[in-house]
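Inspection log for the structure reproduced underneath, given as structure tokens.
Every read-out reported here was derived from the displayed coordinates using simple, explicitly stated rules and does not represent laboratory data. What you see is a predicted model, and the numbers here were worked out from it, not measured in a lab. No Cβ is skipped: glycine too gets one built from the backbone with ideal geometry, and neighbour counts run over all protein chains shown.
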């Protein structure tokens, strides 16, 4: 049986040595717990059995475990400038044996390993069995959904920890990135030419959702407009940014209506 009370206590103990006054650390702690909440919503919508639902919550609790050490070592969230945080996470959990602090049984280890490792990849690796794929899909959707909440908080509380939005508002999205967005596609990070490209690719997360639960959360909280607001201020780029908002909202509406 998965004991989430014990797992939450173990998580609190794990992050205790890190500097919680560091905005990056505190941001990731809050992100983790909100991701668990979204995973719970998805599990409920899918009507999963209790153990499957608890496993989804546990995986979401663990999905960013590598972030804290990444921040301590490199003081950045950017994997491209440091280390793949999901790969670091599974190393901490399984190579260093931290997983047993969160769950006593090893029966779910393969599922947890593959879900955590795949949560940030461009695509889920092939060859996963049905249980592994289900959990990988849930944590990816839950993580992406709360990433929107993270950006909204960064913007609306004027923290600017994640981006310099004022400078980014002056940039125009590269042609290739814009074309992919118009086709409802994500771009790979090696295609980015400037900072705005990576930001718009976060909006493009919506095109990779497996379930509509997270898309409903985005729609209900008006996350697209709130995420785009600080980069819709420059007259030279405003038209392009408004087009991105329209495309994103249309896509979300169509996905939700198709499943209703």
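A few remarks follow.
- Residue in the range 240-257 that is surrounded by the fewest Cβ atoms within 10 Å (Cβ to Cβ), counting only those that are over 25 Å from residue 160 (Cα atoms) and in contact (Cβ under 8 Å) with a residue 40 or more places away in the chain: 256
- In the range 216-239, the residues that are free of Cβ contacts under 8 Å to residues at least 60 places away in the same chain reach residues that are exposed (fewer than 13 other Cβ atoms within 10 Å of the Cβ) with C-beta atoms within less than 8 angstrom, at least six apart or across chains, in these pairs: 219/253.
- Candidates 90, 38, filtered to the one that is surrounded by 21 or more Cβ atoms within 10 Å (Cβ to Cβ), free of Cβ contacts under 8 Å to residues at least 40 places away in the same chain and closer than 20 Å to residue 124 by Cβ: 90
- Within the range 126-148, the set of residues being without any contact (Cβ under 8 Å) to a residue 24 or more places away in the chain and within 30 Å of residue 163 (Cβ to Cβ) comprises 136 only.
- Selection status of residue 33, closer than 22 Å to residue 161 by Cα, surrounded by fewer than 18 Cβ atoms within 10 Å (Cβ to Cβ) and under 18 Å from the mean Cα position of the chain (by Cα): yes
- Among (1) closer than 20 Å to residue 63 by Cβ; (2) not in a helix (DSSP H, G or I) - the single one residue 160 does not satisfy: (1)
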